[in-house]
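Colleague: Please find one structure pasted underneath; my questions will follow.
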Amino acid sequence: MAEVKLSAEKRTDFGKGAARRTRRENKVPAVIYGHGADPKHVALEGHALMMALKTPNVLIRLDVGGKNELVIPKAVQRDPLKGFLVHVDFLAVKKGERVTVDVPVLTEGELAPGGNLLDHMLNAVSVEAEATHIPESFTVSIEGLSAGHTVRAGDIELPRGCSLAVDESTALLQVVTAQTEPEPEAEEGAEAAVEAAAAPAEGAAEEEKPAEGGEG
């Protein structure tokens, strides 16, 4: 896995007000933690960080005041409406160290014809891998699968040095039958039956209504 090199500066001001000031400068507040060390509070240039995070579990070499930190993103917070980066938690790692991460699951191929739909029960699977060799994604084939078929974690072909951090029976994808809408003729027939059932009741109501004029 290729490294992305980014620069970061130390933060000495904390709290919501300080974080807002950092974001106004087009920077993103972040924290580096791990290996039992005290958390390091830093800020990174927003656009460069956003581009780096397009790769899941990207390995980043941070230059913090001339000192290198090898990290991976562990928690990314975005604005729910505009999508810009609000805060990032980084986990410090070392070469050869194993970490547990969630890796996206992608699909290829087409389901069998006949109204089959794919239900994504999980969009990622948790695995344990060497920090410098984390897979970007896993791709599973759904070619020709029909309703009732389930793709499980154990069906994924893992690269050497990577192991599942969940049970092999964990369901990731399931093929289900599409819900069909009622035929137009059936809908018209149902409406006609409702109208026919309501007609006698309306007629009975008219018979019970007293004649106009009454007794003289």
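The values are calculated or read from the model by the stated rules, or taken from the named source; none is laboratory data. Since the model is a prediction, treat every value here as computed from it, not as a measurement. Using ideal geometry, Cβ is built from the backbone for each residue, glycine included, and neighbour counts are taken over all protein chains shown. Ligands, DNA and RNA are stripped out before the accessible areas are found, and what is left, the full protein with its side chains, is counted by its heavy atoms. Shrake-Rupley method; radii C 1.70, N 1.55, O 1.52, S 1.80 Å.
Colleague: I'm checking my understanding of the structure. Among residues of the range 66-75 that are aliphatic (A, V, I, L, M) and surrounded by 15 or more Cβ atoms within 10 Å (Cβ to Cβ), which one is farthest from the chain's Cα centre (by Cα)?
Modeller: 70
Colleague: Ok, one more. Would you tally the residues in the range 10-24 being open to solvent by less than 50 Å² (accessible area, probe 1.4 Å) and under 27 Å from the mean Cα position of the chain (by Cα)?
Modeller: Adding up the residues that qualify gives 1.
Colleague: What residue, among those in the range 28-38 that are open to solvent by less than 70 Å² (accessible area, probe 1.4 Å), of a type outside the set (Val, Ile, Thr) and under 26 Å from the mean Cα position of the chain (by Cα), is modelled with the lowest pLDDT? Break it down into steps so the answer makes sense when it comes.
Modeller: Let us first name the residues in the range 28-38 that are open to solvent by less than 70 Å² (accessible area, probe 1.4 Å), namely 28-32, 34, 37.
Among the residues that remain, those that are also of a type outside the set (Val, Ile, Thr) are: 29-30, 34, 37.
Filter again for under 26 Å from the mean Cα position of the chain (by Cα), leaving 29-30, 34.
Details: 29: 94, 30: 94, 34: 90.
If we take residues in the range 28-38 being open to solvent by less than 70 Å² (accessible area, probe 1.4 Å), of a type outside the set (Val, Ile, Thr) and under 26 Å from the mean Cα position of the chain (by Cα), then 34 is modelled with the lowest pLDDT.
Colleague: Applying the selection to the range 146-158, what residues are within 23 Å of the chain's Cα centre (by Cα) and in a loop (DSSP other than H, G, I, E, B)?
Modeller: Matches in the range 146-158: 149, 156, 157, 158.
Colleague: Taking into account only those residues within the range 85-142 that are touching an Asp or Glu at 6+ places or on another chain (Cβ under 9 Å) and of a type in the set (Asp, Glu), which is surrounded by the fewest Cβ atoms within 10 Å (Cβ to Cβ)?
Modeller: Residue satisfying both the conditions and the ranking: 108.
Results for (1) surrounded by fewer than 16 Cβ atoms within 10 Å (Cβ to Cβ); (2) free of Cβ contacts under 8 Å to residues at least 12 places away in the same chain, shown as yes or no for each residue.
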residue	(1), (2)
8	no, no
26	yes, no
47	yes, no
56	no, no
64	no, no
80	yes, yes
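Colleague: Take the residues of the range 191-208 that are among the hydrophobic types (A, V, I, L, M, F, W, C) and at pLDDT 55 or above: which is most open to solvent (accessible area, probe 1.4 Å)?
Modeller: 194
Colleague: Moving on. Mind listing whichever residues of the range 41-63 are under 11 Å from residue 5 (Cα atoms) and of a type outside the set (Asp, Glu)?
Modeller: If the condition is that a residue be under 11 Å from residue 5 (Cα atoms) and of a type outside the set (Asp, Glu), then 48, 49, 52, 58, 59, 60, 61, 62 are the ones that fit.
Colleague: Would you check which residues across the range 164-179 are exposed (fewer than 11 other Cβ atoms within 10 Å of the Cβ) and not hydrophobic (A, V, I, L, M, F, W, C) and list them? Write out each step before concluding.
Modeller: Of the range 164-179, the ones exposed (fewer than 11 other Cβ atoms within 10 Å of the Cβ) are 167-169, 178-179.
Of everything in the range 164-179, those that are exposed (fewer than 11 other Cβ atoms within 10 Å of the Cβ) and not hydrophobic (A, V, I, L, M, F, W, C) turn out to be 167, 168, 169, 179.
Colleague: Where in the range 1-95 are there strands (runs of 3 or more DSSP E), lying fully within it, with 1 or more residues that are on the phi > 0 side of the Ramachandran plot?
Modeller: 27-34
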